[in-house]
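The values are calculated or read from the model by the stated rules, or taken from the named source; none is laboratory data. Quick caveat, the model's predicted, so the values are computed rather than measured. Cβ: placed from backbone, ideal geometry, glycine included. Neighbour counts: every protein chain shown. These area figures cover heavy atoms from the full protein model, side chains too; ligands, DNA and RNA do not enter into them. Shrake-Rupley method; radii C 1.70, N 1.55, O 1.52, S 1.80 Å.
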Amino acid sequence: MATFATVDLVKYLCTCEKKFPICRLYLCKHCLKLRCIDCVQHEVDTPYCPNCLEIMPAQEAKLKKNRCSNCFDCPVCGHTLMTRASGHISPNPEDPNKSVTKKTYYLACGFCRWNTRDINMLDQTVATGNWPMLENPHVKRINNLLENYKLMAQVEKADRERKKYVKRRSHLYLQDKFNLSPSVMKRKGLSSFSSLSLKEGDKTIEDLEPSVPVESFDPLPNDYYTQPAALEKTTKLVHRLSVPEFQPEDVSKLHPINKHLIMKKSLRCRECEHNLSKSDFNPCSIKFKIQLTALHWVPEVRIMTPSTFTYNKETLVTLTMSNPSVFNTTVTLSQIENETDVDYCTAKVELPKKELVLASRDEPSMHVYEDSSQAHEFKDDPKLIVFRKGNKIGFVVKVTPVVPQGDVKICFLLKHEFRNTTVAALQSESKEPEIKWLEHKVYLCLGTI
Amino acid sequence: MPHFEGLLGDEPRIIILDIGSAYTKCGLAGDTGPRCIIPSETKNPRNQQTSKIWDYSSTDELYEHLKELLYTLISRYLLVTPKDRRVVVIESLLCPTDFRDTLARVLFKHFEVASILFAPSHLLSLMTLGTKTGLVLDVGYQESFVVPVYEGIPILKGWRTIPLASKAIHSRIKSQLLEHGTVSTPEQKHQPVASMPDILTDELLEDIKVCCCFVTEYSRGQQIQEVTMRGGHANKLPPPPPDTDYQIDGGSVLNISGRIREHTCEVLFEQDNDETSIATLLMDAIVACPIDTRKDLASNILVTGGTSMMPGFYHRLQLELSHLLKKPCYAQQLGIKRFLFHKAPAKENYTAWLGGALLGALETLPSKSLSRDVYLQKGKLPDWCCIDSDFLLEDKNSKS
């Protein structure tokens, strides 16, 4: 389980020179290089609501500001709100002697007991939809401003187009050529906004009412000086900031929050732009359409048992290596030349010189192999290969720490065969998959001295 | 269906980003408010440690943190693919160069955005009013910062800043609580807070400020300052507001005295030895400006920044200003009779963001921003404070 528990002991070097545990790496089958989370491109695949698991098309999500229209979060604790039904007995309009039960619905939080009746929101007659939405009180003004600025931007753009034509004939040309532009223009970073201000004579100016200045403000109500702060009636900052446009200060102004969507993400190789990971379209499915995690393609090295080390003394360490591929794979280990970085290499290591052959991964028969028969089959050297079970071998390396204290770290180059099944399948069906040799640098932290 | 996103609808919308020293505001252009306001910090998923974005020791560390923060914003809140999108970054004029450079590096190299426009927050705030002249005061977390803007050009001679803002209020609450505060735990009542200073986390201080404190009236404020600053007798203090019991986790109750509630925000207005406060900041900024601009500036004051949302802030600021006007040092120089304030069509803490959202929705944006190609070619950013960087934008203009 070392892959999942202490993943940081064995790390592989990604193509971008960062070290990651193998379970966090991807192998691009087209570039045949390792990729990590930092050197892939993240893309939005499908936005969906985490509560009702309904896919929302990107366009609709855009319009609804990435929020689900049917699911709500509690404004106090963030828990999902439940729709509650309650019966109402009201007289039947046709026959006054009989009464009918009318169902109404309200939203309640099962965790903190907040409900929409607390804020005097009217119960609804239908279970979903129809809940009143808050609207930013400044929408009209902001839209006015935006319209106005858009008109100005058009004028500015047209201006620039025109300048492009007349440039050569005007004196501006000389200014440009001899760099005689006024010194104000030098401050490009600042002056580039000045053109957006209102100019006299622009016809757009009439449309926009100027902002009304305020001369004096009301003093605080007397309650502030005579009453203790009403903590139970005041919202916390988190509550306010979760609805940036409204930021209610009073608990009674809290409003159910439409649930924020989450997304399925796909990863893409930056170099060849092929997908490295793409999940199934359906939010309920946890399957992947494409999943090129390195775990499925690169032999995985693990440390078998912890060992004790002494300074300058050789210790035998058993490592295991397992083959994820469905073919027998040959692996060679070699020293990394010129590894001078002492941070990652604090011991001398003697590696098996012979090629190691890993048996193929055969899911159904994985647990029925007997050790002896297999060892025979592959003609293993018992001094080197401690055991062999299915697609996994245990092999011995000799480690001599060269520092008196601290962590014992070794590194080596792992070279393995790789049969590119996907590309081969594309080319022709009869041909055997092409064999490529891939090299990875592996860094191990074996323990302390 | 990400492949059709560009074909079906309009252009991909522009990301508007404002990384403040306390909170980060992020959203898309054309919206009326940001999609999210989250603390400017990142959490390490391994050891659950949070690290503030602005507390960085090296640019490499900053790079990693910014990458994390932007990843959260983009994939958790905006749900967009950042590649080939345009970005508007709202920055303070005092933003350190290495922060800008690192942010640009993250956006261009890691997220591969198409272009970035770095826009000064004060100018953007004015855009929300539709005017071109104004005195913009930003009371944020680290500092209060005022910039006079005339006809769309900032009067750089007139900018003033003072380290009085949220952070100062927080440290005042903390020191007051450590000095006088008491905590009642289930075991023992009325313990001094100083015996367990660990409970005073930044979040707690912030919440106390938001829920309990307010900016008091001018006359009461003067009485308080008479006692606390100039050593007047304590019986001259106005009757303090009632204490508040503040529940902390674990059944403890922190007693927030009325004095703390009322006195802490005085830190913004009390004039220390240099006789400076937020109000004098505005006055000094006006004095530094050319005489013919002063009247316009004084009648177009815009206050932004989350700290100005404290209850009573505007009332107090306005009275402070009109009293300062009577002081001989200002009365003779200024020749202004009154101050007029504007209210932006947004909450104060995202006013600058809204300006960015307006700017980002315009079609002139591409010609004003720095494109990825030019950045990769030249490897540096244009900045208002260095003249030689003009070529970056001019090159682009001639191409477009």
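For the peptides A:128-137, B:36-45, A:392-401, B:221-230, the ranking by packing is A:392-401, B:36-45, B:221-230, A:128-137, with the highest mean count of neighbouring Cβ atoms within 10 Å listed first.
Please average, across the residues of B:200-213, the number of beta carbons from any other chain that are within 10 Å of each residue's own beta carbon, and give a whole number.
Numbers: counts 0, 0, 0, 3, 0, 0, 2, 5, 2, 1, 7, 10, 5, 2.
Average neighbour count from other chains, rounded to a whole number: 3.
Note on residue A:441: aspartates and glutamates with a C-alpha under 13 Å away, same-chain residues under 8 apart excluded, are A:17, A:300, A:337, A:339.
The relative contact order of chain B, computed from alpha carbon pairs under 8 Å that lie at least 6 residues apart in sequence, is 19 percent.
Evaluate E = 1/(1 + (r/R0)^6) for residue B:325 and residue B:98, where r is the Cβ-Cβ distance and R0 equals 60 Å; express this FRET efficiency to the nearest 0.05. Computed FRET efficiency for residue B:325 and residue B:98: 0.90. For the protein assembly as shown, the share of accessible area belonging to carbon and sulfur comes to 52 percent (1.4 Å probe, ligands and nucleic acids excluded). Across the range B:147-154, rounded Karplus estimates of 3J(HN,Hα) from the backbone phi angles (6.51 cos²θ - 1.76 cosθ + 1.60, θ = phi - 60°) give 10, x, 10, 10, 6, x, 10, x Hz, Gly and Pro being marked x. The aspartates and glutamates within cross-link reach of residue A:436, meaning a Cα-to-Cα straight distance under 12 Å and a gap of 8 or more places when in the same chain, are A:417.
Site pair residue A:7 and residue A:79 shows an inter-label distance of 3.2 nm when each label is modelled 7 Å from Cα along Cα→Cβ.
Sequentially through the range B:80-90, phi angles give Karplus couplings (6.51, -1.76, 1.60; θ = phi - 60°) of 10, 8, x, 4, 6, 9, 8, 10, 10, 9, 8 Hz, Gly and Pro residues having no value and appearing as x. Taking each residue as 0.36 nm, the span from residue B:151 to residue B:52 lengthens on full extension beyond its C-alpha to C-alpha distance by 32.0 nm. Here the label points at residue A:311 and residue B:380, each 7 Å from Cα along the C-beta direction, are separated by 4.9 nm in the simple model. Taking 27 Å as the limit for the C-alpha separation, the pairs A:65/A:150; B:167/B:337; A:33/A:353; B:67/B:368; A:29/A:259 exceed it in the case of B:167/B:337; A:29/A:259.
Taking the solvent-accessible surface of protein heavy atoms with a 1.4 Å probe, what is the per residue accessible area of the protein assembly as shown in Å²? Could you put the intermediate results ahead of the total?
Details: 41970 Å² over 849 residues.
Dividing the accessible area of the protein assembly as shown by its residue count gives 49 Å².
Amide H contacts under 5 Å for residue A:358: A:329, A:330, A:331, restricted to partners 5 or more places along the chain or on a different chain, H placed in the peptide plane at 1.01 Å from N. Extension gain, residue B:333-residue B:233: 0.36 nm per intervening residue step, less the Cα-Cα distance, totals 32.5 nm.
Remark: mean inter-chain Cβ contacts per residue of A:214-227 equal 6, using a 10 Å Cβ-Cβ cutoff to other protein chain atoms. Sorted on the mean count of surrounding Cβ atoms within 10 Å across their residues, most packed first, peptides A:268-275, B:146-153, A:87-94, A:212-219 read B:146-153, A:268-275, A:212-219, A:87-94.
The calculated FRET efficiency for the pair residue B:271 and residue A:252, based on their C-beta separation and a Förster distance of 35 Å, comes to about 0.35. In the range B:266-394, Cα pairs under 8 Å separated by at least six residues give a relative contact order of 22 percent.
The alpha carbon centroids of the range B:280-328 and the range A:31-106 are separated by 46 Å. Largest first and in whole Å, the equivalent-ellipsoid semi-axes of the range B:126-237 read 37, 19, 12, each the square root of five times a Cα gyration tensor eigenvalue. With the simple spin-label model, which puts each label point 7 Å out from Cα in the Cβ direction, the residue B:201 to residue A:379 separation comes to 6.5 nm. In summary, the lysines within cross-link reach of residue B:236, defined as a Cα separation below 27 angstrom excluding same-chain residues under 8 places away, comprise B:174, B:209, B:326, B:327. Shielding value for B:304-317 is 2, the average number of Cβ atoms from other chains within 10 Å of each residue's Cβ. Note on residue A:435 and residue A:157: with the Förster distance fixed at 41 Å, the Cβ-Cβ geometry gives a FRET efficiency of about 0.10. A helix-only calculation puts the protein assembly as shown at -7000 deg cm²/dmol for mean residue ellipticity at 222 nm, using -39500 (n - 2.57) for each DSSP H run of at least four residues, averaged over all residues. Between residue A:402 and residue A:291, the contour length at 0.36 nm per residue exceeds the alpha carbon distance by 35.9 nm.
Each chain gives up part of its surface: A and B jointly bury about 7900 Å² of accessible area, both sides summed, for a 1.4 Å probe.
With contacts taken as Cα pairs under 8 Å and at least 6 residues apart, the range B:47-132 reaches a relative contact order of 31 percent.
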